Amino acid sequence: MYIPDDKLEEVRAASDIVDVVSDYVKLKKRGSNYFGLCPFHNEKTPSFSVNPSMGIFKCFGCHEGGDVFSFISKIENIGFTETVRLLAERAGIPLPVDEAQREQSSEVESIYHALRFAARFFYKQLTQTDAGQPALEYLKGRGFTATTIKRFGLGYAPDRWDALLNAAEEEHVTPETLEKAGLVLPRKNSDGYYDRFRGRVIFPIFSHVGKVLGFGGRILSGDSDQPKYINSPETKVYSKSRVLYGLYQGKQAIRQAEEVLLVEGYTDVIALHQAGVENVVASSGTALTEKQIKVLNRYAKRILLLYDADNAGMTAAVRGIDLVLAHGLAPYAVSLPAGEDPDSYVQTHGGEAFEAMLDEERQDFVTFLHAQAERQGLLDTPEDSSEAQRSVLETIASIPEERALDRDAYLRHASEVFGVYESDLRREFEQIVRQQQQKNRARRRRSQAQQAASASSGDPRPASARSGPSQEADAAPADQDPEPVEPLPEEKMLLRLMLEHGTRLVEAVLGHMALDEFTEGPSRRIVEHLIEMYQEDAVDKQPFLDGTLGSEIQRLATEVMVDRYAPSENWSSRQNITVPRMNDDPYEAAASAMTLLKLDRVNEAIERQRERLYQATRHDDSDLTELQTEMMELHELRKHIEQRAFLTWDVA
Ligand SMILES: [Zn+2]
């Protein structure tokens, strides 16, 4: 599709980069820029920044950067045309349609197109045809207004085998594309296809930026032996574990409230919206997944888990709590009055009463778990009671180690709720944490042993390129870091220089070093914290040393502050680089240590490349030339580093 330049500029002008990026990243304003966790690489402290006046984003960690178009294209993994379309739709700017070009567009783009087409078709059937009348009556009977129907794009699929198929043909959307979009199924005994959704009220499922991804359909006639609800299958664009129903319509309200309400059904979400409670999503019939929690984490600080008083709902709520905590969100639970769901509640009592009920009934997770244990008679004997306490402590232990203050607060709270001494709880808690660490270490060793085994079986790829499925399935969120590797001496010196001299050395060092040049584990985490502090103009060594940032960081930080990481005979004059004692000239010491660290990193890369080349020669691999070119580039890079050219790159 040809998009005229003035249209492009119109779309760009209407797409505020902070607003667009905020759909994917929780941004915080500092000075004139915004910062957040990079969506393009895995990190725990923010090195991703957005500059609204220049309309660009930049990551210090992985070096991704660009304007609003490149951000969307990269994060949605779509081409330029589809990127412009997405931003135009977002801003309500109509774009010219070009049928010829559409046929050449990528598979994913044509699936999106088919879904968009189907959503419009279903909406028209509901609102503008006689066939849709009973469905419209049904929705009105449930109290949904025309505005609500439009806002959620509700529709009707006619009770025929080919209604959508025929309409699609007129629009040049092929049955094959409809099948890939999950909208039609191939006939079993003959050629051709038939509509998946027939005689159903349609609930489109939107991505958080408003792209149609799939549909849910509710049966209209009561006497049918068909299932009440059917849903689109997983497709190239629809992954159920990622999507949250209602997020698109509710995200502003969620961001404002910093809180999101999790309910079960589509109609719960819609009814609450209409009653003015908009910070609500549904997890599309599955228990809350890790991916969904990560998405919610961009918008909210707290998750309110709404559950039915029946046991099934409760088990699901309990299961969600650990995962929510592990991702740094605070879970709260609200029990609905017996026999009510959110939909019925707001229909009877209204939105304000519903919100008042939430405030009244909400329980933090410690209180909630205690109440559940009590209800199930699990606090009746001392043995049972200590078992229940232990299970609550295990849940508290899923709060990441970095959030030591949260852990503390919940431990204190648990001692009140259970009426036991805090010191006793703490002793038990420490033991649980130690046991979990041991378990994680054992698991890491197992997975490393597996890696080593597959490496020796002649797999030529580097370890990082092999992700064994068993390894991924095993890995708990907390143990993604591999067994810690000892940081290099020059690296420790850089850490010490930055901790000791604060802002000016942080700037001097991190202006020239990438995050991944520091050894994974506590060393890299110290650097991440320093970047964050630097951005807040609050570099301070105290939290590193006093344990506020966790015991691993404390151990390394105190270690590097000890004088033996001043240059010693062993390493201070390698490769003709002399490292002055730090106190003589901290900048020169930093420059030398950086040079050494970069040389070590490039030498490691050369070593790996040499192994790859060796394997490629042995297996007569066709990539040989490419590998040799890369090798030459690495040697070139090494020369640059030796000449300290990296120190002047950004000055030029
Ligand atoms: Zn990044």
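The values are calculated or read from the model by the stated rules, or taken from the named source; none is laboratory data. Because the structure is predicted, anything quoted here is derived from the model rather than measured. Counting neighbours? That spans all protein chains shown, and the Cβs are built from the backbone with ideal geometry, glycine included.
Being of a type outside the set (Ser, Thr, Tyr) and closer than 28 Å to residue 296 by Cβ is a condition met by no residue of the range 160-175.
When we screen 92, 79 for residues that are surrounded by fewer than 18 Cβ atoms within 10 Å (Cβ to Cβ), modelled with pLDDT under 95 and either at positive phi or of a type in the set (Ser, Thr, Tyr) (or both), the only hit is 92. When each of 373, 388, 353, 397 is tested for being without any contact (Cβ under 8 Å) to a residue 40 or more places away in the chain, in the same structural domain as residue 305 (by TED's automatic domain parsing) and out of contact with any strand residue (DSSP E or B) (no Cβ under 7 Å at 6 or more places or on another chain), the lone residue that passes is 353. Consider the range 10-43 and keep the residues that are part of a helix (DSSP H, G or I) and crowded, with 18+ Cβ neighbours inside 10 Å. The one that is nearest to the ligand (Cβ to nearest atom) is 21.
Of the numbered criteria (1) outside the structural domain of residue 356 (by TED's automatic domain parsing); (2) at pLDDT 90 or above, the one residue 240 fails is (2). The listed residues are 442, 475, and the only one of them that is at pLDDT below 70, out of contact with any strand residue (DSSP E or B) (no Cβ under 7 Å at 6 or more places or on another chain) and not charged (D, E, K, R) turns out to be 475. If you go through the range 63-72 and pick out every residue that is within 11 Å of the ligand (Cβ to nearest atom) and within 18 Å of the chain's Cα centre (by Cα), you end up with 1. As for the range 249-265, it holds at least one residue that is surrounded by 17 or more Cβ atoms within 10 Å (Cβ to Cβ), touching a strand residue (DSSP E or B) at 6+ places or on another chain (Cβ under 9 Å) and assigned to a loop (DSSP other than H, G, I, E, B).
With 75, 3, 111 as the choices, which residue is within 30 Å of residue 176 (Cα to Cα) and within 16 Å of the ligand (Cβ to nearest atom)? When all the criteria are applied, what remains is 75. Note on the range 540-646: enclosed helices (runs of 4 or more DSSP H) holding 1 or more residues that are over 30 Å from residue 408 (Cβ atoms) and modelled with pLDDT of 85 or more are 586-618, 624-642.
Restricting attention to the range 13-34, the residues that are more than 16 Å from the chain's Cα centre (by Cα) and within 21 Å of residue 536 (Cβ to Cβ) add up to 8. Would you confirm whether any residue within the range 49-62 is out of contact with any Pro (no Cβ under 9 Å at 6 or more places or on another chain), within 21 Å of residue 300 (Cα to Cα) and within 16 Å of the ligand (Cβ to nearest atom)? Yes, there is a match, as at least one residue in the range 49-62 is out of contact with any Pro (no Cβ under 9 Å at 6 or more places or on another chain), within 21 Å of residue 300 (Cα to Cα) and within 16 Å of the ligand (Cβ to nearest atom).
Scanning the range 209-222 for residues that are touching a helix residue (DSSP H, G or I) at 6+ places or on another chain (Cβ under 7 Å) and of a type in the set (Val, Ile, Thr) turns up at least one hit.
Beta carbons closer than 9 Å, at least 6 apart along the sequence or on distinct chains, pair a first residue in the range 33-49 that is among the aliphatic types (A, V, I, L, M) with a second that is more than 9 Å from the ligand (Cβ to nearest atom) for 37/25; 37/26; 37/44; 37/45; 37/46; 37/297; 37/298.
Here residue 444 clears all of (1) in contact with a Lys or Arg (Cβ under 8 Å, 6 or more places away or on another chain); (2) within 28 Å of residue 522 (Cα to Cα) except the condition numbered (1).
Beta carbons closer than 6 Å, at least 6 apart along the sequence or on distinct chains, pair a first residue in the range 237-264 that is within 12 Å of residue 292 (Cα to Cα) with a second that is among the β-branched types (Val, Ile, Thr) and part of a loop (DSSP other than H, G, I, E, B) for 241/289. Taken over the range 163-214, the criterion of being surrounded by 17 or more Cβ atoms within 10 Å (Cβ to Cβ) and part of a loop (DSSP other than H, G, I, E, B) is satisfied by 173, 181, 182, 183, 196, 197, 198, 199, 207, 208, 209, 211.
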